[in-house]
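This structure is in structure tokens; I'll ask about it shortly.
Nothing in this text is a laboratory measurement; each read-out follows from the coordinates by a stated rule. Given the structure is predicted, the values throughout are model-derived calculations rather than measurements. FYI the Cβ positions are ideal-geometry reconstructions off the backbone, even for glycines, and counts take in every protein chain you see.
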Amino acid sequence: MIGISACLGGALCRYDGQAKTVDSLKELVQQGTAIMVCPEVLGGLTVPREPAELVGGDGFDVWRGTAKVITVTGVDVTDAFKQGAILAYEKLKKQNITQLITKEKSPSCGRQVIYDGSFSGTSKHGVGVATAYFLQQNLSVFSDEEWLAQQTT
């Protein structure tokens with residue numbers, strides 16, 4: 001059993017109310033071999049919601065208290081992102097999940113790339129808030145892009 005970002009499994013939970021469905025991951029959920037989590041929704045954020053990006057660093061920096069998650073209009077949603085990461089981890093832990101596939105570039109779930117905080121579409125190397133927490137808890141995390149590349153080789 002693996003965990004996946006809910007948007008990859010077809011859940012309409014992204015900030016824009018959409019999904020980023022990966023058919024093969026959705027199939028795993030339907031077969032009962034994967035469970036979906038959305039840290040942002042678990043943290044109490046609505047669907048849809050304002051876009052948010054990490055400002056001042058990446059997810060690890062958020063946990064150190066040196067970066068924040070800010071919406072496009074300047075609202076600090078850092079606490080919701082942190083709470084959602086903790087609740088997602090607890091859900092995964094109850095199911096004995098040790099491996100996750102998360103959505104690259106997400107401020108929660110990005111594994112190698114996140115947006116740079118300027119809301120310009122520019123990305124940078126870094127991890128999202130939930131991914132940082134999952135890694136600190138010794139979970140194996142792969143991005144959807146890494147997983148898809150592995151499936152084609």
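Under a plain spin-label model, where a point goes 7 Å from the Cα along Cα-to-Cβ, how far apart in nm are Met1 and Gln30?
Taking the two extended label points, one gets 2.1 nm.
Work through the residues other than Arg111 whose Cβ is under 15 Å from its Cβ and net out their charges, Lys, Arg +1 and Asp, Glu -1. Please list the in-between numbers first.
Numbers: positive: Lys20, Lys103, Lys105, Lys124; negative: Asp58, Glu104, Asp144, Glu145, Glu146.
Taking every Cβ under 15 Å from that of Arg111, the sum is -1.
Over the stretch 83-153, what relative contact order in percent results from Cα pairs under 8 Å that are six or more residues apart? Each step should come with its number before you reach the end.
Numbers: 112 pairs, mean separation 23.0, N = 71.
Relative CO of the stretch 83-153 lands at 32 percent.
Setting aside same-chain residues fewer than 8 positions from Lys82, which lysines have a Cα under 24 Å from its Cα?
Lys20, Lys68, Lys91, Lys93, Lys94, Lys103, Lys105, Lys124
Using Cα extents along the principal axes in Å as the read-out, say which of (i) 39, 39, 32; (ii) 41, 30, 27; (iii) 81, 29, 22 was calculated from these coordinates.
From the options (i) 39, 39, 32; (ii) 41, 30, 27; (iii) 81, 29, 22, the structure gives (ii).
Give me, ordered by chain and number, the residues 5 or more places off Phe142 or on other chains with an amide H under 5 Å from its own placed amide H.
Those qualifying (amide H under 5 Å, at least 5 residues apart or on another chain) are Leu100, Ile101, Thr102.
Give me the one-decimal nm value for the distance between modelled label points at Thr46 and Asn138, 7 Å along each residue's Cα-to-Cβ direction.
Using points 7 Å along Cα→Cβ, the separation is 4.1 nm.
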